[in-house]
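Data block below; observations after.
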Amino acid sequence: MAHSAKITALADGLVQSVTGLKQEQDGRTFKQCRDNAVRGLKAQQYARTNQFDVQSRLEGLEEKFRVLNNEPLADALKERLDELSNISSRWKPEILSLFLELSDRPLEKTRLSDLRGEELTPEEPALTWAEIIADDLLNEEGVWDEVDFHHSSSEDEGSYSGASFQEHTTSTQASSIVEEDLSVIARSFVVAVIDTPLADVRSAQQSLDALDKRPTTTSDEPKPTTITELQAIRETLLMLHGLPTRLFFAESHDLIHLRRECTITGVGQSTWETAAHDVAAIGSRVGMLRRWINRGKRSRLIQRCQAAVQQSIRAFDKEISRIEQRYVDPSCDTVVSLIQVIGEIDVISRPLLELARVISEVDQDRDSRPWQLLDAFFQETCKQQLVGHYELFDFFRRLFFDCLEVYVKPVHVWLTEGEVADHDDSFFVASSKEDVGLSSVWHDRYRLRHISSDAVDAPSFMQTIAQRIFSAGKSVMFLKALGRYKSSETRGFTMPATWASLTISDGLSDGGLLPFAEAFQMSFEEWVDSLHSERADSLRTVILSGCGLEKLINCLSHLYLAQNGAVFQMFADGFFKRIDRKTSHWNDRFVLSELAQNTFGTLPGLQSSSISARLLSSGSGGDGRSTMDLLGRIVLEYPTPHSLQNITRETSPKACRNAFTLLLQVHRAKYVLSQQILNQPPSLGSKDHRIAQALALRQRLVSFVDALYGYVAETASRCINEVKDSLSKAADTDEMAAAYAVFTDDLSNRILLTDNLKPMLDALVSVLEVCELQAAAWAKLQPPATSGSGNSQPQSLRTRHRLDDEDEEDARAGNLESDEQYPQQQQQRSLAELRSDYDRQVSFAIAGLRSVSRAGGEQSWTMLAERLKWCTRSPND
C-alpha cells in the first residue's frame, strides 16, 4: 500500500508539473492523466538502469577530478559514494543515473563550500574605473602619451639582457626590481611563434593545390613541385583508401598514375618514382576490387562473394587507418619514413593483390558461370598451401568457406527435400519443364547440367561427387512420388563441424601431410553420405519389396525363360496342337490369352489376369512360310508396373520376349520329332534304306535340339541369378537400373539375339526348320494302311491328331480356314538334301560361334560350339 501511495503521489506531481493541471480545478481531466501515469509507472515497460554502468560512470567522474588536479572535489565525491554503498534502495541506480544526466560541468560549477554546508561569504565587489577616477582624475600632463618600451636607457639594457626574454625569472626579491622593469619581465613570459614549420605546410599545400589546376597529362618539361615526405605519406594513404588525391590521378581503365612533376625533399627522384609507381599499382588493384563489389549481380553466390571481398577490403582499410593514426596522434612519437610505410603497405596488400588477380582472371572469361569464382577460390587455396604461403592460404580458405555456404544451401535442399529452385542457375541440377509420369519420373523429371560430355556444370571439387548427389536427391523425389517419404524435422542448413575444423590454422599450416583438397573432399563426401545413406536404404527396400521388383524378376523367369519347364512345355504343347488342328479360332487373341493364363497362372506370384498373348500379322515378323516364322510372331505380354518402369525402362521385357520365342521354336522342333515316333513308328520289316537315313537324321536332330535347349535354359537361369544378386547389392536406383540393363544385354548377347549375331541365330533356326521337314518326309515314308485293317489311315504332320467333337463340327460346317492362312511348308525335299542342309547350317553356326568367341565374345559360345560339334554327321555315315 505504501508503495502504491508513493507511485500515486509521484504521478500527481508529474501531471501537475508537465500539464499544469490542478486537482481542485480540473478534477476529471487531472484524474485521467494521473491514472495513465500510474499505469505507465507500474507497467515498467522499459528496462531497468544498468547499475554497473552507473557505478562505472561515477568512478570515472572521480578519476576525472583527480586527473584535472581537483583532489578536494574527488575526495568529497568518493566520501559520499562510500556512504551510498551502505544504503540499500531499489531505485538507487535510477536516482544516481538521473543525477548524472542532470549534471552540467561539475568540475567548473561545483563549490566545496556548498558541499560542506558553510555559509556563503559575500564577494567583494570588483574595482571599477569610476571608482579609480573618482579618487584620482586622469587629467595630468603626459598621462595619455605613448610610451616606447623598446628605447630604454643603457642601464635598462644592461640590467636585462637577451636571456631575460628567453627564460622565465624565478627571483622572489621584488625589492631588486623597479616598477619600470615590470613590462620587460612580462615580455620574458611570451613565447615567440616559429613560422617555419607552418610555412612549410602551407607551401606544400599550395603546391598540391596548384597540381589540381594542371592537366593530368604531363608536359615535356613539367615544372617540379616539392612536397614534404609527410605530405606524400598522407596522399598515398588517401589514395589507398580510394579517395581523390592531388599526388595521384586515374586515367583510362581506372589505372592510377603518379604526377611526375612532384618531388620530395631529401629523396631522390628515381627512388621516389619507383616506390610511388609500386604503390600506384597496388591502389589500382585495390580500386578494381572496390568497383567490383559495387556491381549489380542477380546471382546470390556472386553477391555473397562480393560481401566476402568487401570484408577483406574493410580489414585492409583498418590497417591503413592504423598507419595514419601514428602520424596524427600527438602522444605517439613516430619517425616520418615513406619507405617504412610503403613496406607495410606491401605486406598488408599482398592478399588483396592476389585476390584481384583471381577475380580479374575469372571476370575476363565471357562464358563465366556464377560458381567459377568459388572454384577459383578453391584452386587458389590449394595452390597457396602447396607453395607454402600459409597466410594467403588462410586468407583464401576463409573466402572459400564464406562463399561455399551459399552454394551448398541448394545442395542441402536437394538432398533433404528432393526439390530444385527454378531460378537457381548456379546449381548443377535442373528440373524438366514438361509434366512427367510416374513411369519415367526417375529419369526424366530432373537432369544434370553439363558443360561438356564429361564435365558437370559445377566446381571442380563437385565433379567426382555430383552424380552421387544427383542420385541422392532423386531418391528423395522418388520416395515422394511413391508416397513413402517422411519429411525431416530440421530443414535449415548449418555448416558441418568437420568443415569448420578446416578453417582453423591447425596442422595444415604447420606442414601437415594431408592436402586441403583431399581433406575437404573427404569431409564433403561424409556429409553427403550422412544425408543420403538412410534414404537410399529405404528406397532400395521400397523398390525391391514394396513395388515388387524381386517378384517381377521371378515372374519373368517363369513366364518367358522356362524356369519351370513342365509348365512351359504344357503351354507349348497346347499351342502346337491348336496350330496343327487348324481350327477357325486358333489364333484369336482371347483364345491364346486364355491358354497362357490357364497354364502360367498356376505359378506362384504371377497374376493370371495380367497375362495376354497375341499373334502379330505376317508383315510384323517373318515371311509366313514355315511354322518357325509363325512362332516368331507370337507375343506374350506381362505388363511392368509404372513404378518399376523406372528400373526396366520398358513396359514389356523385349529381351525376355525374344528369348521366349527362341525357346518356343526349340520346343516346336522337339515336339514334332517326338510326335513322329508316337504316331508313325517305323515299319520293322521294311528294308528301305530311306528309313535308316531318316532315323539317322532324326537322331542328330534330337541331339541338336537337346543341346540348344540346354544351352538357352542354362544361360537364361544364370542371367536371372546374376541380376538378382546385382539388384540386392545395388546402392541406389541408378545401380538397379544399370543392373537390369546389364541383364537384358547379357541375355540377348549370350543367346545370340543381337543384330551382329543374327547370322548364327538364323543358321540355328534353319536347323530347327529341318526338324519339321524331316517329320514331313518321315510321314511320306510310312506305308498306307489298308481299309480293312484295324489301324487308322496315316495322317500328315498337320492332320495327325484326331479331331475332337468341336473340331469335327467346325469341319462339317466348312469353317476350316484355307491353307493360305497357315504357314506353308517348304517344298518337299529328299532326305539327302535335308542331311546336307543340316550339316551345312550346323557347320556354319559352329565356325561362327568359335570365331566371335575368339574375337572377345562369350566363352560360353565355345562350349555351345563343342556341343553342336557332337551333333554333326560322322564320316562313315
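Every number here is computed from the coordinates shown, using simple stated rules; none is lab data. From a predicted model like this one, the values you see are computed outputs, not experimental measurements. Neighbour counts are summed over all protein chains in view; Cβ atoms, including those assigned to glycine, are modelled from backbone coordinates with ideal geometry.
Taking every Cα-Cα distance in segment 323-441 and sorting them into 10 Å bins starting at zero, the pair-distance distribution P(r) comes out as 11, 26, 23, 19, 11, 6, 3, 1, 0 percent.
Cα-based values for segment 224-368, radius of gyration first and Dmax second, are 16.6, 55 Å.
If you place +1 on the Cβ of every Lys and Arg, -1 on the Cβ of every Asp and Glu, and leave all else neutral, what size is the dipole of segment 378-546 about its Cα centre, to the nearest 20 Debye?
Details: 16 positive and 24 negative charges, 125 e Å.
Roughly 600 debye for segment 378-546.
The Rg/Rh ratio for segment 378-546, using Cα coordinates for both the radius of gyration and the Kirkwood hydrodynamic radius, is 1.02.
Total Lys pairs in segment 378-546 closer than 20 Å by alpha-carbon, pairs eight or more apart in sequence or interchain only? Spell out each step's value before the answer.
Details: LYS409/LYS474; LYS433/LYS474; LYS433/LYS480; LYS474/LYS486.
Number of lysine pairs found: 4.
Ordered from longest to shortest, the equivalent ellipsoid semi-axes for segment 537-576 are 31, 7, 5 Å, each the square root of 5 times a Cα gyration tensor eigenvalue.
Specify whether the C-alpha gyration tensor of segment 2-43 places it in the rounded, prolate or oblate class, a ≥ b ≥ c being the square roots of the eigenvalues: rounded for a/c under 1.5, otherwise prolate if a/b is larger than b/c and oblate if not. In terms of gyration-tensor shape, prolate. Computed extension gain for ARG322 through TRP129, at 0.36 nm per residue and net of the alpha carbon distance, reaches 63.8 nm. Length gained on full extension, GLN340 to SER4: 114.0 nm, using 0.36 nm per residue less the C-alpha separation.
The packing ranking, built from the mean of other Cβ atoms within 10 Å per residue, places the peptides 520-531, 101-112 in the order 520-531, 101-112, highest first.
The value of relative contact order for segment 345-487, using C-alpha pairs under 8 Å at least six residues apart, is 20 percent. Annotation: lysines with alpha-carbon distance below 24 angstrom to LYS78 (same-chain offsets under eight excluded): LYS64, LYS92, LYS109.
Would you mind putting 692-703, 25-36 in packing order, based on average other-beta-carbon counts within 10 Å, highest first?
On the way: 692-703: 17.6, 25-36: 13.6.
Result, highest mean first: 692-703, 25-36.
Based on C-alpha pairs under 8 angstrom that are at least 6 apart in sequence, segment 360-429 has a relative contact order of 26 percent. Only lysines eight or more places from LYS758 in sequence, or on another chain, were considered; those with a Cα closer than 30 Å are LYS577, LYS654, LYS670, LYS724, LYS869.
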